[in-house]
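The values are calculated or read from the model by the stated rules, or taken from the named source; none is laboratory data. What you see is a predicted model, and the numbers here were worked out from it, not measured in a lab. Note that we place each Cβ from the backbone using ideal geometry, even for glycine, and neighbour counts take in every protein chain shown. Side chains are part of the model used for accessible areas, which takes the heavy atoms of the whole protein and leaves out ligands, DNA and RNA. Shrake-Rupley method; radii C 1.70, N 1.55, O 1.52, S 1.80 Å.
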Amino acid sequence: MNRRKFLAVVTGGVAVASGVTQVALPACASESAAGRPDEQIGVLVDTTTCIGCRKCEYACARANRPEGVSVKQFDDMSVLDTPRRMTAGTLTVVNRYVNPADAARPIYVKVQCMHCLRPCCVSACIVGALHRESNGSVSYDASKCIGCRYCMLACPFEVPTYEYNNVFTPVVSKCTFCYDTMQARGEPPACVQMCPPNCFTFAKRSELIALAHAKIEAAPDVYYDRVYGETEVGGTSWLYLTSRPATELGLLDLPDKPTPQLTETLQHGIFKYGIPPLLLYGLLGIVMKVSAAEEETDASKESVQ
Ligand code: SF4
Ligand code: SF4
Ligand code: SF4
């Protein structure tokens, strides 16, 4: 069980124990908080033209963590042998998939935060460290973050990661859409600017959806007839055109409606019933200690046998 699943199970247990699972709440950020989707910007990723060069990864690293980043680090294509997820220091990754229609031409898919129209991470954050900006970017303010990691549990795309290096300055890590850097200067995000075959279109989301459907209509033999992100969990700012069903390409199969989130229920329950977060963490600590003790007992039993 990975850390994300472990925390989900544990917080679920605590929620049940606290009797807060019956709290009826909207799942994710409300429509009004999301603003008018047709006025907001987005990126259309045409995966059929991606060559897997990792230049977008390099551009992102250079824009966000410039110290010690060199283009050479991104020449290593062996990393594409295994599907990857984002890490604390890597806000976007490109993955390679076998193309059943043409084995000689694999399919490459760049992933990052989807900048949801109704972001569950924002509604799960109890201190407002995550915020949906009026242009659709979901930004993060590390100075407000208390390191509770509710956002990690809430995100249906499993995007946010956590820097464990320094316990006193918790930092959640995810793509910022270059909101306060490139976009603040009126430029497209760094990854969009760098892509050699121009896989990305940066424009108003409503225009991107129209463009995506026009492309599908013009070349039905090239594109699978669905725009990933148009409706998933209420819609996302990053949209994908693919030649295969998106779920064959590492993009998660998600419902159109933002799903009820355990963490949001828990979080609102905490406040509704006046359960202080410290109590929650106390309970989490007990559960973790018990499971560690059980693991130790199991290990010593095995060594005796
Ligand atoms: S993909 Fe996850 S982290 Fe990004 S905006 Fe949506 S819920 Fe938040
Ligand atoms: S939009 Fe900016 S932060 Fe997000 S993946 Fe692209 S370069 Fe990285
Ligand atoms: S820079 Fe463009 S072509 Fe290269 S891996 Fe990224 S999306 Fe694909």
Close pairs from region 48-68: first within 16 Å of ligand 1 (Cβ to nearest atom), partner in a helix (DSSP H, G or I), Cβ under 6 Å, at least 6 apart: 60/190; 60/191
Of all residues making up region 173-194, the number that are open to solvent by less than 50 Å² (accessible area, probe 1.4 Å), over 21 Å from residue 89 (Cβ atoms) and either basic (Lys, Arg) or within 16 Å of ligand 3 (Cβ to nearest atom) (or both): 1
Residue that is open to solvent by less than 60 Å² (accessible area, probe 1.4 Å) and within 20 Å of residue 122 (Cβ to Cβ), where the choices are 156, 197: 156
Count of residues meeting criterion [among the acidic types (Asp, Glu) and either touching a strand residue (DSSP E or B) at 6+ places or on another chain (Cβ under 8 Å) or within 19 Å of residue 39 (Cα to Cα) (or both)] in region 194-235: 3
Residue selected from region 105-115 under the condition away from ligand 2 (no atom under 14 Å from the Cβ) and touching a Lys or Arg at 6+ places or on another chain (Cβ under 8 Å), by the criterion least open to solvent (accessible area, probe 1.4 Å): 107
Residue match in region 36-55 (condition: modelled with pLDDT of 90 or more, open to solvent by less than 30 Å² (accessible area, probe 1.4 Å) and under 26 Å from residue 165 (Cβ atoms)): yes
Given (1) within 21 Å of residue 40 (Cβ to Cβ); (2) away from ligand 2 (no atom under 13 Å from the Cβ); (3) surrounded by fewer than 23 Cβ atoms within 10 Å (Cβ to Cβ), index of the condition residue 130 fails: (3)
Residue in region 242-259 that is modelled with pLDDT under 95 and either surrounded by 19 or more Cβ atoms within 10 Å (Cβ to Cβ) or in contact with a Cys (Cβ under 7 Å, 6 or more places away or on another chain) (or both) present: yes
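For (1) closer than 29 Å to residue 102 by Cβ; (2) of a type in the set (S, T, N, Q); (3) out of contact with any His (no Cβ under 7 Å at 6 or more places or on another chain), each residue gets a yes or a no:
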residue: 192; (1), (2), (3): yes, no, yes
residue: 195; (1), (2), (3): yes, no, yes
residue: 222; (1), (2), (3): yes, no, yes
residue: 247; (1), (2), (3): yes, yes, yes
residue: 254; (1), (2), (3): yes, no, yes
residue: 257; (1), (2), (3): no, no, yes
Test: residue 100 is modelled with pLDDT of 95 or more and either over 30 Å from residue 257 (Cβ atoms) or more than 16 Å from ligand 2 (Cβ to nearest atom) (or both): no
Residues that are more than 16 Å from ligand 1 (Cβ to nearest atom) and among the β-branched types (Val, Ile, Thr), drawn from region 69-93: 69, 71, 79, 82
Residue in region 215-223 that is open to solvent by less than 20 Å² (accessible area, probe 1.4 Å) and within 16 Å of ligand 1 (Cβ to nearest atom) present: no
Qualifying residues in region 58-104 (those that are surrounded by 20 or more Cβ atoms within 10 Å (Cβ to Cβ) and small (Gly, Ala, Ser)) - the one farthest from the chain's Cα centre (by Cα): 59
Residue within region 184-199 that is out of contact with any helix residue (DSSP H, G or I) (no Cβ under 7 Å at 6 or more places or on another chain) and small (Gly, Ala, Ser) present: yes
